[in-house]
Each structure stands twice: as C-alpha cells, then as structure tokens.
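Enquirer: Okay, here's the structure, questions in a sec.
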Amino acid sequence: YGYLINQISFNSYELSSDIINVLDGLYFPRFFGSKIMGYLYLSTLIFLIIFNRKIFIQKSSNYLILLIIFIYSYLVPFVYSLIKTPVLHDRYIIFVIIPVILLISCLANEIKSKKIKYFMIFLIITSTLANHYLEIFKRENKKPEFTKLIKFIIKNDTEKNIVFYDYTATSDLVFNYLKRIDLNGIEDLNIIQFKDSIQSDLNSFWLICYTPRVNFECNVSNLKKWKLKKIKKKYLVEAKLFKSH
C-alpha cells in the first residue's frame, strides 16, 4: 500500500505518456510485433465485437467483463494522465493482451456462419505464423552483437587481454554484461574496463568499443606503444587488436 501511494505521488515520470502510439492502433503494433499484425488484430477485434454485439448484453455472458477490462485498461491511465501525471505506456498495460486474445478466440467461435468463422480463424493463424517466421528469420538486428564478437576473439585469436571502452553513462552496466556473457572460453579472457589509459604492461590487447552513436570512433589516447594489427566489426560493437612495436 505504501509503495502504491509513493508511485502515484510523482509529479513527473521517467516514461511519459506516448499519445501518438495510443492513437496509432492502441499499442497493438507493439504488442503483436508489427504494424500489419497490430492493425490486423485490432480490426479483427473490432469486427468481432460489432458482429457479436448482442452477446454482450446477455445476462449469462462473460464477454462483457473482458470488454470492460479492455476498455478500462486504457481509460484509467488515460484519465490519470489528464488529471495528474502521464503514465499511459505500452509496458504498463501489456496485460490487456490477455482479454484481447480471449475475446478474439471466443468471439470467432461464436460466429454462426461457418464460412466467416473458418475465414477468420484461417486469417489469424496464417498471418500469425507468417509474422513469427519473419520475426525469427528475417528480423533486422537492433542489439549490439557482443556475443558474436567475443566468439570471434575466442575462436580466431590467442590474445586474452580485452580492454572495454564505452563513453556512455551506462558503461558500467555494459561492462558487467560483457564479463558475464555465457560462452565457453570466456573465463580465460582478461577483460578490463578502460578508465583513463591502457595499462603499460600489456604487450597486446583487443580494444572493444560499444558504438551506439553515429560517427563514434573507437580510439583512445596514448597508444603510441602499440600498433594496430586487426579490426573486427559487428553490429554496434567494434574490436581492434593492438600489439607492441
């Protein structure tokens, strides 16, 4: 209870309301992986609610509860955003997927016409499977490929010294993640975080840089003792092998 009171007492919030994405499909494109799937599920839900609208007013119907949960999941945080603090964000209402899936599944089976019912089921199943295939095999990578880079170093080089360089505010977090990558052979690596300079007693090392920004150069000062021998790049990460003259 105290935690809840503390949360609603904030005058500002780190993740503010994203009204554009609320209007752009009620976050369905984010919930279901793409704009096409998001619009498909949203339009299917709206169609099934309208098509089976008489079911919602029946006394024995349980669908009305699911519909109320769906509506109020958006309405309550939206009203709170207008009154006090913007909090309507996809991660806070992701539980709305449960009533959405239940409504679509159950309302599709309520359709009396077999042609319409089978068409709706076929459309949902085939589009979902196609979307999963694209997500697994065709999706563009958007995460730094530290694991692939470390695999390359372990497999193709005998150098065990790795100096990690990151200029961002999250450098400590990324460094801890790098040290804890679960790979065979990583325990043999000497992973060091760059502070102000490279240790002078290192005869050779890999300089690994996290490059989340455009035009970032993976270079540090005072490298006159070492000569660049090799460069390896992966998505958002870069490694340079330096050896002493």
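Enquirer: With contacts defined as alpha carbon pairs under 8 Å and 6 or more residues apart, what's the relative contact order of the chain in percent?
Expert: 15 percent
Enquirer: Let me ask something additional. Using Cβ-Cβ distances only, list the Cys residues of the chain with no partner cysteine under 4.7 Å, sorted by number.
Expert: Lacking a cysteine Cβ partner under 4.7 Å: CYS106.
Enquirer: What does the extension gain come out to for PHE47 and LYS115, with contour length at 0.36 nm per residue minus their alpha carbon separation?
Expert: Using 0.36 nm per residue and subtracting the Cα-Cα distance, I get 22.9 nm.
Enquirer: Under a GNM of the chain (C-alpha, springs under 10 Å), which listed residue has the highest mean-square fluctuation: ASP201, ASP172, ASP90?
Expert: Answer for the Gaussian network model of the chain: ASP201.
Enquirer: Just flag the trypsin sites (Lys or Arg not before Pro) in the stretch 142-220 sitting in loop per DSSP whose Cβ has no more than 15 other Cβ atoms within 10 Å.
Expert: Those that pass, being in a loop and sparsely packed, are LYS142, LYS160, ARG180, LYS195, ARG213.
Enquirer: Per DSSP H run of n ≥ 4, the term is -39500 (n - 2.57); total these for the chain, divide by its residue number, and report the mean residue ellipticity at 222 nm rounded to 500 deg cm²/dmol.
Expert: -13500 deg cm²/dmol
Enquirer: If you don't mind, another one. Compute the relative contact order of the stretch 178-245 as a whole-number percentage, counting only Cα pairs closer than 8 Å that sit 6 or more residues apart in sequence.
Expert: Value for the stretch 178-245: 33 percent.
Enquirer: Relative to the compact-globule scaling 2.2 N^0.38 Å, provide the ratio for the alpha-carbon radius of gyration of the stretch 96-177.
Expert: Relative to the 2.2 N^0.38 Å estimate, the stretch 96-177 comes out at 2.00.
Enquirer: At 20 °C and 1.002 mPa s, grab the translational diffusion coefficient of the stretch 55-100 from Stokes-Einstein with a Kirkwood Rh over Cα pairs, rounded to a whole number in µm² per second.
Expert: 184 µm²/s
Enquirer: Now a separate question. Would you please report the Å³ per residue occupied by the convex hull of the alpha carbon atoms in the stretch 23-62?
Expert: Dividing the Cα hull volume of the stretch 23-62 by its residue count gives 73 Å³.
Enquirer: Another one. Calculate, for the stretch 146-245, the solvent-accessible area per residue in square angstrom, rolling a 1.4 angstrom probe over the heavy atoms of the protein chains. Mind showing how you got there, number by number?
Expert: On the way: 6070 Å² over 100 residues.
Here the per-residue accessible area is 61 Å².
Enquirer: Another one. In terms of the ratio Rg/(2.2 N^0.38 Å) built on C-alpha atoms, what value belongs to the stretch 131-179?
Expert: 1.51
Enquirer: Semi-axes of the stretch 27-110's equivalent ellipsoid from the Cα gyration tensor, sqrt of 5 times each eigenvalue, largest first, rounded to whole Å?
Expert: 24, 17, 9
Enquirer: Carbon and sulfur atoms: what percent of the 1.4 Å accessible area of the stretch 32-121 do they account for? Don't skip to the answer; put the middle values down first.
Expert: Numbers: 4060 of 5610 Å².
Ligands and nucleic acids excluded, carbon and sulfur reach 72 percent.
Enquirer: Taking Rh as the Kirkwood radius computed over C-alpha pairs, what is the Stokes-Einstein D of the chain at 37 °C in a medium of viscosity 0.692 mPa s, expressed in µm² per second? Numbers along the way, then the final one.
Expert: On the way: Rh = 22.8 Å.
In µm²/s, the coefficient is 144.
Enquirer: Quick one: the Cα spread of the stretch 147-245 along its three principal axes, in angstroms, biggest first?
Expert: 33, 30, 20
Enquirer: Work out Dmax and Rg for the stretch 188-245 from the C-alpha atoms and quote the Rg first, both in angstrom.
Expert: 11.5, 33
Enquirer: Here's a follow-up. Ignoring solvent entirely, what values of log10 I(q)/I(0) come out of the Debye formula for the stretch 46-169 at 0.12, 0.15, 0.16, 0.20 Å⁻¹ when each Cα is a single scatterer?
Expert: -0.75, -0.92, -0.97, -1.18
Enquirer: Just report the Cα centroid separation between the stretch 47-66 and the stretch 107-156, whole Å.
Expert: Each part's Cα centre sits 30 Å from the other's.
Enquirer: What's the long-distance tail for the stretch 170-216, i.e. % of Cα pairs beyond 11 Å?
Expert: Across the stretch 170-216, Cα pairs with separations above 11 Å total 76 percent.
The values are calculated or read from the model by the stated rules, or taken from the named source; none is laboratory data. This structure is a prediction, so every number in the text was calculated from the model and none was measured. Note: ideal-geometry Cβ built from the backbone for every residue, glycine included; neighbour counts use all protein chains shown. Remember, those area values only see protein heavy atoms, side chains included, never the ligands or the DNA or RNA. Shrake-Rupley method; radii C 1.70, N 1.55, O 1.52, S 1.80 Å.
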